[in-house]
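Only one structure is covered here, and it is reproduced in the block below.
The values are calculated or read from the model by the stated rules, or taken from the named source; none is laboratory data. The structure presented is a predicted model; accordingly, all values stated were derived computationally and were not measured. Cβ: placed from backbone, ideal geometry, glycine included. Neighbour counts: every protein chain shown. SASA here: full protein model, heavy atoms, side chains in, ligands and nucleic acids out. Shrake-Rupley method; radii C 1.70, N 1.55, O 1.52, S 1.80 Å.
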Amino acid sequence: MPLVIHNTLTRKKETFQPLAPDKITMYSCGPTVYNYIHIGNARTFMMADMIRRYLQYRGFSVRFVTNVTDIDDRIIQTANATGRDFMEINKTYTDAFIEDIARAGVKPPEVLPKVTDHVPEIIAIIQILIQKGFAYESDGSIYYDVKKFTTYGNLSGKNIDDLKSGARVEVNETKRDPLDFVLWKSSKPGEPSWESPWGKGRPGWHIECSAMCIKHLGEEIDIHIGGADLIFPHHENEIAQSEGASGKQFARYWMHCGFLNVNNEKMSKSLGNFWLLRDVLEKFRPEVLRLFFIQHHYASPLNFSEQNLRDTETAHRRLENTFSRLEEAIKEKPIAASSVGLEAFEKEFDRLVVEFDEAMEDDFNTAGASGKVFEIFSGLNRFLGKPTDEKGQRILKKISDQLLAWNEFFGFLHLTKAGTASGDIAPFMELLIEIRREMRKKKDFAMSDLIRDRLSELNIVIEDTPQGTKWKSQ
């Protein structure tokens, strides 16, 4: 079945056709490193990671680039407010970004370019835009002449004649038109600056992504992804710059993650509902956060709350417990038993696999696909803990293999097997289980329960089953 993607540019679903067979170029706008990334940023980065992984699961080779904006007005403001050097701020928050997304289970991109390493490329594109008549100089700064780009507004659906200067458009008397945006800013005293044909200055925000994307992926790319808040003006301006310079279509498919609210309100420091990713990961495992995100379509608005994550955590615990029991069942020695029930469930499972694939091929509908996963786990619970013959174990292995394959891009299972998770602690766990077993024989249930509860606080689960006591790390 063909993969279809909702393209923000055309406002409709389109059959995905990459520029080159089996190879995909994909760009995601990264952070501006003046602070730690928040949970809204995390949604975009984690869903972009899921999409990239799914495309790889489908057999595509994906070259994925995420940028770091390490020179920006907000970085300079932070440096001035704290008395720190802007390069120190860059390093602190770039390192934190890399650390945070790694903790969230996001694979690193093939390239993580920084603006400050690409100033020559930025200047070169600006020179081309000037030569082609898309840009002009004014008081040492360079501006893009928006009215020269006839398709400006196609991505956002905005009419250039209806756009007025205001909150989203910088008012500046040095510009020919209030809609024109800066490509190169002349330097102010005390600000970081670079030499250019127009004097000392620094890049504007929008031109940075065009230059880095073109350098590392080419003038035409397959997929450009980012948050919905970037559609205008950032992505609109990226298109104008990139296509103005190259004369080619910049990105075939534009994908945007929906807005994220906190407790049904826009996330804001003033409202006290501002959640940093690293703070969330102090309270919840990354698999829980990932499950929370994939239970909603990437483009849909999403309400984030601690209670919502608690509910997801409960559901996630059931999934991992069931998967652990599935893995244990596969290890059990097969015995003579009827597998009629499992054979019937295998047909149900095969249907759910088809429906899972259909959901994912329909614009990465993770909400629909994750529903099929929950149905599979629910069905499995009817058979786990019961004796199975070789045919039954073959079916269970088939289901396990499929879940493991899906986990490569969904990433909602920690996949720590009972008794093998943290190899170094396994012998100690066996000793604790033996001590606990002796206490239960002596009817010292209070101490037995205390051991279980204290281990639970350390994210180690003890389960007493008919086959004996099992343990696993959460």
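If I go through the stretch 112-121 residue by residue, how many of them are in a loop (DSSP other than H, G, I, E, B) and open to solvent by 50 Å² or more (accessible area, probe 1.4 Å)?
Adding up the residues that qualify gives 1.
If I ask for residues that are exposed (fewer than 14 other Cβ atoms within 10 Å of the Cβ) and either within 18 Å of the chain's Cα centre (by Cα) or touching a residue at least 24 places away in the same chain (Cβ under 8 Å) (or both), which ones from the stretch 82-97 would you list?
D95 - this is the single residue of the stretch 82-97 that is exposed (fewer than 14 other Cβ atoms within 10 Å of the Cβ) and either within 18 Å of the chain's Cα centre (by Cα) or touching a residue at least 24 places away in the same chain (Cβ under 8 Å) (or both).
Testing A329 on (1) farther than 21 Å from G105 by Cβ; (2) outside any helix (DSSP H, G or I); (3) open to solvent by less than 40 Å² (accessible area, probe 1.4 Å), one condition comes back false. Which one is that?
Evaluating A329 over (1) farther than 21 Å from G105 by Cβ; (2) outside any helix (DSSP H, G or I); (3) open to solvent by less than 40 Å² (accessible area, probe 1.4 Å) leaves (2) as the failure.
Any idea which of (1) of a type outside the set (S, T, Y); (2) farther than 19 Å from A48 by Cβ; (3) crowded, with 19+ Cβ neighbours inside 10 Å is the one E265 doesn't satisfy?
(3)
Do we have any residue at all in the stretch 377-393 that's modelled with pLDDT of 75 or more, among the hydroxyl-bearing types (S, T, Y) and either in contact with a Leu (Cβ under 8 Å, 6 or more places away or on another chain) or closer than 30 Å to M50 by Cα (or both)?
Yes, the stretch 377-393 has at least one match.
Which members of the stretch 340-397 meet the condition of being among the aliphatic types (A, V, I, L, M) and in a loop (DSSP other than H, G, I, E, B)?
Within the stretch 340-397, L384 is the sole residue that qualifies.
The rows are residues; the columns are (1) open to solvent by 30 Å² or more (accessible area, probe 1.4 Å); (2) out of contact with any strand residue (DSSP E or B) (no Cβ under 9 Å at 6 or more places or on another chain); (3) touching a residue at least 24 places away in the same chain (Cβ under 8 Å).
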| site | (1), (2), (3) |
| --- | --- |
| M212 | no, no, yes |
| H224 | no, no, yes |
| P233 | no, no, yes |
| A240 | no, no, yes |
| G247 | yes, yes, no |
| G258 | no, no, yes |
| R278 | yes, yes, yes |
| P286 | yes, yes, yes |
| F292 | no, no, no |
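Taking the residues in the stretch 56-112 that are among the small types (G, A, S) and in contact with an Asp or Glu (Cβ under 9 Å, 6 or more places away or on another chain) as candidates, determine which candidate is nearest to Y34 (Cα to Cα).
So the residue we want is A79.
Within the stretch 122-144, count every residue that is open to solvent by 50 Å² or more (accessible area, probe 1.4 Å), closer than 15 Å to S210 by Cβ and assigned to a helix (DSSP H, G or I).
Matching residues across the stretch 122-144 total 3.
Here are G105, G30: which of them is small (G, A, S) and farther than 25 Å from S187 by Cα?
Residue meeting the stated conditions: G105.
Just one of the numbered conditions (1) touching a Lys or Arg at 6+ places or on another chain (Cβ under 8 Å); (2) crowded, with 17+ Cβ neighbours inside 10 Å is not true of D72; which one?
(1)
Only one of these is modelled with pLDDT of 95 or more, in contact with a helix residue (DSSP H, G or I) (Cβ under 7 Å, 6 or more places away or on another chain) and not basic (K, R): D100, D85. Name it.
Answer to the selection: D100.
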